[in-house]
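The values are calculated or read from the model by the stated rules, or taken from the named source; none is laboratory data. Bear in mind that the values here come from a model prediction, so they are computed numbers and not experimental data. With ideal geometry, Cβ positions are generated from the backbone for all residues, glycine too; neighbour counts draw on all protein chains shown.
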Amino acid sequence: MKTIRQAQDLAIHGAAPAFEQQLHVGRPNIGDREAFMQYAADIFDRRWLSNNGPLVQELEDKVARHLGVKHCVAMCNGTIALEIAIRALGLEGEVIVPSYTFVATAHALQWQGITPVFADIDPATHNLSPAAVRRMITPRTTGIIGVHLWGRAAPAAELQQIADEHGLKLMFDAAHAFSCTSGGKMIGSFGACEVLSFHATKFFNTFEGGAVVTNDDDLAATMRLMRNFGFEGLDQVSHPGTNGKMIEIAAAMGLANLPKLDEVIAANRRNYETYAEALRGIPGLSLLRYDENERNNYQYVVLEVAEDCPASRDRLVEALRAENIMARRYFWPGCHRMEPYRSLFPHAGLVLPATEAVANRVVVLPTGQTMDAEMVQTVVQVIRTVVQHGA
């Protein structure tokens, strides 16, 4: 790794990259390796690899307790968890979602013959705008899916009020928000249910996995049937279903990672605060802030590049990548500009001005356990150099 002084002119003059190895957004956080290996040994000894094994059950119990909810239904990944939750809630017709989210949120609807209707976001929070949601309701609307983007809570109370007024189901995509709070309350118990992702890139991972958390007994029971082909007992199928089960080795990874959550948060927060201080005063740049009154996982360092910044957002991304800093243009260009939605709704952008503006100015910077303050300073120095030279 180059020092800050050596990094000053890298992005402009084409010297050796600032980092020998690439820095990635969402590089996996790894918990207690020894604990994981012991869990793995126990799995081999039991020869119980899947089908609601003891480690899956233990993980479900510990996640539910951590989030303060009655039920955690573990799944093989977050996308299947979305699909099962959507089907278990009986959603159909049209469901309102943000376009500024990972495309799986929309795909989970489209895959099941449900039309995702894209509502605009609040440019200050990047989350769904309640006023925009109201404008998109039609007689075919059956539900709303809010997304807690960057781990910062969506306006749950306002969305619940809208849902109640119009007789709609409300659920949340909480893929970014594990171990975060809203109003001092752990995200996980808002709406009818909330969907978690435990993918490798997430703050808390099980290699690959996900879950639905809820306080609704009947909904949880239905989803447990659905994730295992509808089996209620041996040779007894009582509900349509699929294979959405989490396997034991994934649960082992989760159990090894759970005790280390505070350590990961501490590392993320140190990096976030270092970024915030180092970026201060660079013209045309602003860091999306976390509410320090809430519990945050600080997994995403979200930089906004203003139109009057001397260097464009895309120029910054290009320069950072040249230095092995794999910054990302999340969630560019928005789901509505991806297929099949681009073809189905070619004029959706007309009602999504904030979505398009935010998608065109955001860049997400690397963070996580593998980075330290000096590395963050080097990243920022590359940014500062590019902005100073303009583009």
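Listed residues ALA327, ALA306, ALA354; which is under 19 Å from GLU20 (Cβ atoms) and among the hydrophobic types (A, V, I, L, M, F, W, C)?
ALA327
Please enumerate the residues belonging to segment 121-132 that are touching a helix residue (DSSP H, G or I) at 6+ places or on another chain (Cβ under 6 Å) and either surrounded by fewer than 23 Cβ atoms within 10 Å (Cβ to Cβ) or among the β-branched types (Val, Ile, Thr) (or both).
ILE121, PRO123, ASN127, PRO130
In segment 267-285, what residues are more than 19 Å from the chain's Cα centre (by Cα) and either assigned by TED's automatic domain parsing to the domain that holds CYS72 or of a type in the set (A, V, I, L, M, F, W, C) (or both)?
ALA276, ALA278, LEU279, ILE282, LEU285
Quick check on this structure: which one of ALA306, ALA266 is closer than 30 Å to GLY254 by Cα, small (Gly, Ala, Ser) and surrounded by fewer than 17 Cβ atoms within 10 Å (Cβ to Cβ)?
Checking each option against the conditions leaves just ALA266.
Evaluate segment 221-241: report whether one residue or more is farther than 21 Å from THR105 by Cα, touching a residue at least 12 places away in the same chain (Cβ under 8 Å) and of a type in the set (Phe, Trp, Tyr).
Scanning segment 221-241 turns up at least one residue that is farther than 21 Å from THR105 by Cα, touching a residue at least 12 places away in the same chain (Cβ under 8 Å) and of a type in the set (Phe, Trp, Tyr).
When both residues are 6+ apart or on different chains and their Cβ atoms are under 6 Å apart, which pairs have a first residue that lies in segment 294-320 and is on the phi > 0 side of the Ramachandran plot and not assigned by TED's automatic domain parsing to the domain that holds HIS66, and a second that is crowded, with 22+ Cβ neighbours inside 10 Å and in a loop (DSSP other than H, G, I, E, B)?
Once the first residue is on the phi > 0 side of the Ramachandran plot and not assigned by TED's automatic domain parsing to the domain that holds HIS66 and sits in segment 294-320, no partner that is crowded, with 22+ Cβ neighbours inside 10 Å and in a loop (DSSP other than H, G, I, E, B) comes close enough.
Residues of segment 310-350 being touching a strand residue (DSSP E or B) at 6+ places or on another chain (Cβ under 8 Å), assigned to a loop (DSSP other than H, G, I, E, B) and charged (D, E, K, R), which ones?
ARG329
Out of the strands (runs of 3 or more DSSP E) lying entirely within segment 80-188, which hold 1 or more residues that are basic (Lys, Arg) and in contact (Cβ under 8 Å) with a residue 24 or more places away in the chain?
Counting at least 1 such residues, we get 169-173.
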